[in-house]
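What follows is a single structure, written as C-alpha cells, with notes after it.
The values are calculated or read from the model by the stated rules, or taken from the named source; none is laboratory data. Quick caveat, the model's predicted, so the values are computed rather than measured. Reconstructed Cβ throughout: ideal geometry from the backbone, glycine too, with neighbour counts over all protein chains shown. Ligands, DNA and RNA are excluded from the accessible area calculation, which covers all protein heavy atoms including side chains. Shrake-Rupley method; radii C 1.70, N 1.55, O 1.52, S 1.80 Å.
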Amino acid sequence: MSDLKQIPIHAEGDAGGDPKSEGLFTRVFDELKAFCRSRSLFMLHYCTGCGAIELPPAMTSRFDMERLGIQPMVTPRQADILLVTGYVSIKTLKRIILTYEQMGGPKYVIGICSCTVNGGMYWQSYATAKVLNEYLPVDLYIAGCMPRPEAVITGMRQLMENIRTGKADNWKDYYRRYDHYLGNQQQLFGERWQTPTDVIGEADHYGLAGPETTGPHTALLQQHQVPLQPLEMRLGSRQERKP
Amino acid sequence: MDALNLALELILMPLVAFVVGLFMVLMMRKIAARIQRRVGPPLLQPLYDIIKLYGKQTQISHGLVHDIGIVMAVGGYVAAETLLPVPGMDGLADRGGLITLAYLMMIPSLGLALGVGQCANPNGSIGIARALTAMLAYDIPFVIVIFGVAWHYGTTNLADIIALQQAAGPGGWGAATMPLLALAGLFSVHAMLGKQPFEIYVAPAEIATGPMVEMGGKFLGGLFVMQTFQFYTAGVLYASLFLGGGENWLTFLVKAFAVVAIPMCIAFLFPRYRTEDLLKMIWKWPVLLGLAGLWLIMH
C-alpha cells in the first residue's frame, strides 16, 4: 500500500488547539473539562457493515464499555463519537456526513474495520467510498477485519487518552479545511451536493474559520445552494387536496 | 437573622438535592449494570457526564423557547426542593405545603413540552405527547395518595406530617397506618421516574429518546440535572409521606435511596407498556388501591 500517509491521522492546517487560558483557575477548569470529556463519551454507531457485530459484546456484560464512561446514544445531537463500523457505500456516506454535521463539537469520528481505512475487500467496488478520512476528519482508525472487542476497547482508551491530553481536535479541521472535504464530497456526489447544515456559518460563529474554509468548492456550493424552507402545513386528507 | 437563615436554606437545599440526586442516578445505573451482569459506571460518572455536556463547544439551540423550556424543567424542581424538608432544614415547607409541591412537580414536564415544541422534531413531539399522557396517568393516583395522607394527618403541611410520624414511632409511619395508599404511592413514584415499564415516552430505539431527541450540549446537560432532582424529589417526598421523613441525615438518606431503589430493581427486568396499556394499568390498579386505601382511613 503506497498511501500509508493516511494512517495515523493528523489534522492539517492550524492545529493550535484551544487558546491557552491565562490564570490558574481557568487552566484548572480546562483540565477538568478535558478530563470529563475523556471520561464521558456518548457514541452514535452508524453500523454500516459487518463491524457492527463486534460492538454488542464490547458494550454488554463481557467487556462492558460503561465502566469507561462510554455509552450508546441514539441521536447525533447527543453524541460525541460517530462510529463508522465498516464499508461505506456512496449512498451511506451521504447519511454519515449529514449525521456528522448535526453533532455538536467537540466530536470524534472512529473508523472501525479495514474498509474504512482503505476500502478493504471492497477496494475494486465502484460504489464504495474507500478512504473515510477524505470526507470526514477521522480521529482514530481501528483496523482489522473485523477488530475484536478487545481491539475496539483499546482503540477507545487511546481516544480517551488523546482527548485528555488535548490531541483529539480533528473536528476543528472540518471547519478549517471545509473546502478540501467539500471538494472530495462533490467529486463523489456531484456538483449539486449540499447539506442542511451551514458549515461556513458555524465556522465563522465559533471562530474556527481559516484560510482554507472557503475556496473553489464552497463557491460552487453557494451557486447551487437552496436555502432550507419550512414545510408547508396542510390539513385534510390526500384526496381533498387534489383539484 | 431569620431571613438570612431562610436564604441560606433556600440555597443549600437544592444543592443537597443535586448531590444526593447524582448518587441516586449512579445507583440506578449500577443496579441496571448488576442486573445485566456488568460492572457499571465509576463513582463520579453522572458528574462527568454533566460537566462534559455543559462544556461542549458548539451548542445547537432551536430558539428562545427551547432555552426557556430547559430553564423551566430545572427551575420547577429547584423550587420543589425548597418545599421538601430535610433534617435540620425546613425551607418553605411550612408555608408551601403539599398542594403547592404537587403543582411545582408538574412544571418540569410542561417546560419540557414547550422546549421540545420549538425543536419541531416529530420524534420529540410524539415523545412529549406520550410524556404528558403518562403524567395524566400517574398524577391521578398521586393526587389520591396526597389527599389521603393530608386527610389522615389533618394537614397539608409536610413538616407537620413528618413531625407527627416521628412522634408516633415506626408503628405510626404512613406505610404502617395506610398500607394501601403507600402501595399506590410506590406505583405512581415508579411511573413518575419514567423507567421501564413506564418508559414509552423515551423509547430510544423507536422514537430516538422522544423529548430529548434534539437536545445536545447544555440542553441535555440541563435534562441530566433535572433527572438528578427528579430522583431526589420522588425519593424524599415518598419517604416524608410514608416513612416518617428523616430523624437525622443517616436515616434520611437510607430511606430516600431505598425508595428509589425499589422501582429501579423492578424496572430493568421489564420491557415497556404502550401508552394506552400504561393508562389502563395505572388508572386501574394504583387508582383502585388508592381509593380502597382512602375508604379504609375514612372509616
Exercise. Within region B:34-56, is even one residue away from chain A (no Cβ under 14 Å) and open to solvent by 50 Å² or more (accessible area, probe 1.4 Å)?
Worked result: no
For this session: Test each condition in (1) part of a loop (DSSP other than H, G, I, E, B); (2) more than 14 Å from chain A (Cβ to nearest Cβ); (3) not acidic (Asp, Glu) for B:Met24 and report the one that comes out false.
Result: (1)
Exercise. Tell me, which helices (runs of 4 or more DSSP H) lie completely within region A:103-202 with 3 or more residues that are outside the structural domain of A:Phe63 (by the TED database) and within 24 Å of A:Cys47 (Cβ to Cβ)?
Worked result: A:178-189
Exercise. Hey, does region B:159-172 have a residue that's touching a Gly at 6+ places or on another chain (Cβ under 8 Å), within 14 Å of chain A (Cβ to nearest Cβ) and either open to solvent by less than 20 Å² (accessible area, probe 1.4 Å) or farther than 30 Å from A:Gln78 by Cα (or both)?
Worked result: no
Seminar exercise, completed: Those residues of region A:72-112 which are open to solvent by less than 10 Å² (accessible area, probe 1.4 Å), polar (S, T, N, Q) and either closer than 16 Å to A:Asp173 by Cα or within 12 Å of another protein chain (Cβ to nearest Cβ) (or both) amount to A:Thr75, A:Gln78
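Out of B:Ala73, B:Ala79, I need the residue that is open to solvent by less than 20 Å² (accessible area, probe 1.4 Å) and out of contact with any His (no Cβ under 7 Å at 6 or more places or on another chain). Which one? Before you say what the answer is, go through the steps one by one.
Numbers: B:Ala79 fails: open to solvent by less than 20 Å² (accessible area, probe 1.4 Å).
Being open to solvent by less than 20 Å² (accessible area, probe 1.4 Å) and out of contact with any His (no Cβ under 7 Å at 6 or more places or on another chain) holds for just one of B:Ala73, B:Ala79, which is B:Ala73.
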Problem set entry | Filter pass, A:Glu54 being acidic (Asp, Glu), more than 8 Å from chain B (Cβ to nearest Cβ) and within 22 Å of A:Asp173 (Cα to Cα) | no
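Looking for something out of contact with any Gly (no Cβ under 7 Å at 6 or more places or on another chain), of a type in the set (A, V, I, L, M) and open to solvent by 60 Å² or more (accessible area, probe 1.4 Å) - is there at least one such residue anywhere in region B:85-92? Before you say what the answer is, go through the steps one by one.
Let us first name the residues in region B:85-92 that are out of contact with any Gly (no Cβ under 7 Å at 6 or more places or on another chain), namely B:88-92.
This time we only want the ones that are of a type in the set (A, V, I, L, M), so: B:89, B:92.
Within this subset, residues satisfying the condition of being open to solvent by 60 Å² or more (accessible area, probe 1.4 Å) are none.
Looking through region B:85-92, none of the residues is out of contact with any Gly (no Cβ under 7 Å at 6 or more places or on another chain), of a type in the set (A, V, I, L, M) and open to solvent by 60 Å² or more (accessible area, probe 1.4 Å).
Please determine whether any residue of region A:138-146 is closer than 19 Å to A:Asn184 by Cβ, without any contact (Cβ under 8 Å) to a residue 40 or more places away in the chain and open to solvent by less than 20 Å² (accessible area, probe 1.4 Å).
Of all residues in region A:138-146, those closer than 19 Å to A:Asn184 by Cβ come to A:138-139, A:141.
Filter again for without any contact (Cβ under 8 Å) to a residue 40 or more places away in the chain, leaving none.
No, every residue in region A:138-146 fails to be closer than 19 Å to A:Asn184 by Cβ, without any contact (Cβ under 8 Å) to a residue 40 or more places away in the chain and open to solvent by less than 20 Å² (accessible area, probe 1.4 Å).
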Problem set entry | Looking only at region B:135-157, and only at residues there that are assigned to a helix (DSSP H, G or I) and in contact with a Gly (Cβ under 7 Å, 6 or more places away or on another chain), the one that is most open to solvent (accessible area, probe 1.4 Å) | B:Ile144
Problem set entry | Single residue of region A:26-41 satisfying the filter (hydroxyl-bearing (Ser, Thr, Tyr) and touching an Asp or Glu at 6+ places or on another chain (Cβ under 9 Å)) that is nearest to A:Glu161 (Cα to Cα) | A:Ser38
